[in-house]
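Nothing in this text is a laboratory measurement; each read-out follows from the coordinates by a stated rule. Model, not experiment: these values are computed from the prediction. Don't worry about glycine lacking a Cβ; one is built from the backbone with ideal geometry, like all the others, and counts go over all protein chains shown.
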Amino acid sequence: MPSGTTYRKDAESPAVFKDILKDAIIAWVDCWTDDFEKNAIDAGIQLGFSKELVTPLVIEQHENYEDFGNEMGIKLVSVQVKQFDVTIHPLILLLSKNFILTIHPRSIDRRFQRLRRYADAFLKKIPVTAVPADRLTMLLLRITDETNERNFEHLRQIEDYSDELNKDMMDPATPRETLGPKIYEMKHALVTYLNALWQTVDVFHALRYGDAELITDNVRLLHRMSLQAEDVNHQISLAEHMSDVMASGLEVLQTIYNNQLQALNNRLSRVITYLTVIGTALLVPNTLATIFSSSSFNLQPDDMWWYVTMLIASTILSTWLVWLWVRKMGWTRRMDTTVKNFGIEVKAETKKKPSRKRVKAKKQR
């Protein structure tokens, strides 16, 4: 009040404060509601703001600044985080010559809990003899600073949940079908959070360079507003850095999975090769058994001995021939094992056994 005393009161309707605000030199009215789109417009109109000022800020999504000379409207954002569920709530600030009206959903009521507790002490620090624009700007800076501090706290929560997600990704027992949605939720949370901060930066630029009549021209106060904008930009840099770190971690994890799949594929290829060689060796006796099982040969029980002897001999002969072919190809003399881990390649080779000719020539020398 002009005498330097403060006044505090709660009411069910903003219209109760209309007469009190006429005598106050600086005031803050905080209004929260369950039905934001319906009651926000009514609350602004009841305290003397025009419908043309309030309606675009409430209804239009991308509208965040309106200046009508003797009244001004700002839309900030309030971030609420629950694990990877990031919700953006609107926060409307309506500025008149001697007071600020904040309107927001009831779900973010606790955002101004600390500011409401110390509102009396803060208002007493505003000089009564100060210019009205300076007093209004001081109160505006205090409200925006409180909003930014609450928004900045949620980045730490996103980081904690991201760390838990990294633990799940490094656990081989974690079902892979659950990791994809979690990774998307994490990235979506960061994108939503960054969009909210960029919207806040746009509001500060509009206030700083908009030349609004209600905002002061005091260089010291405008510098404080620029510092708040720098804090938001710094928070944006932290969020983007966190996004880069998470992206690099996902790339490393994807590389590990690709190497594991490649190693498994190599093992399966080797097993298939061995089975093919074994099948080739057994193909000859199997073919002979198929041929002689025909009724054309009319084999009798007395033919069992020479028939079994033929199968055994053909099996041994075919196995020996396959072994000679494998030896000729060099499979028994050399085996290259390639281990790839993070782009590092290690090759281990078995030592070649010297041939008999080389041993004999060495003994002769």
³J(HN,Hα) computed for each position of segment 144-153 - Karplus, 6.51 cos²θ - 1.76 cosθ + 1.60, integer Hz, glycine/proline x: 5, 5, 5, 5, 5, 4, 5, 5, 5, 5
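Based on the alpha-carbon gyration tensor of segment 35-113 and its eigenvalue square roots a ≥ b ≥ c, which shape applies: rounded if a/c is under 1.5, prolate if not and a/b is larger than b/c, or oblate?
Working: a/c = 2.04, a/b = 1.81, b/c = 1.13.
Cα axes put segment 35-113 in the prolate bin.
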In sequence order, calculated HN-Hα J values of segment 39-48 (Karplus, 6.51, -1.76, 1.60; Hz; x Gly/Pro): 7, 5, 5, 5, 5, x, 5, 5, 9, x
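Working out 0.36 nm times the residue gap between Asn218 and Arg270, then minus their Cα-Cα distance, what length gain in nm do you get to one decimal?
Numbers: separation 52, 0.36 × 52 = 18.72 nm, distance 7.84 nm.
Separation in residues times 0.36 nm, less the Cα-Cα distance, equals 10.9 nm.
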Alpha-carbon centroids, segment 261-293 and segment 98-138: separation in whole Å: 83 Å
HN-Hα J in Hz across segment 282-292 - Karplus 6.51, -1.76, 1.60, θ = phi - 60°, x for Gly and Pro: 8, 5, 5, x, 5, 5, 4, 5, 5, 5, 6
Separation in nanometres of the label points that stand 7 Å from Cα toward Cβ, at Asp23 and His241: 5.3 nm
Other-chain or far-sequence residues with amide H under 5 Å of Thr33's (modelled H): His104, Arg106
Label-point separation, His234 to Asn195 (7 Å along Cα→Cβ), nm: 2.7 nm
Relative contact order (%) - criterion: Cα under 8 Å, at least six apart; region: segment 1-159: 24 percent
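Using the number of other C-beta atoms within 10 angstrom as an exposure proxy, rank Ile312, Ile88 with the fewest first. Provide the component values of the computation, followed by the final result.
Values: Ile312 11, Ile88 15.
Ordered by Cβ neighbours within 10 Å, fewest first: Ile312, Ile88.
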Pairwise centroid distance, computed over Cα atoms, of segment 301-328 with segment 7-24, Å: 107 Å
Burial ranking of peptide ranges 75-87, 112-124 (average Cβ count within 10 Å, highest at the top): 75-87, 112-124
Antiparallel %, DSSP beta bridges [both residues in segment 28-174], to 5: 75 percent
Extension reserve of the Ile291-Tyr209 stretch, reckoned as 0.36 nm per residue once the Cα distance is removed: 19.9 nm
Rough spin-label spacing in nm, given labels placed 7 Å along Cα→Cβ, for Leu299 and Glu146: 9.8 nm
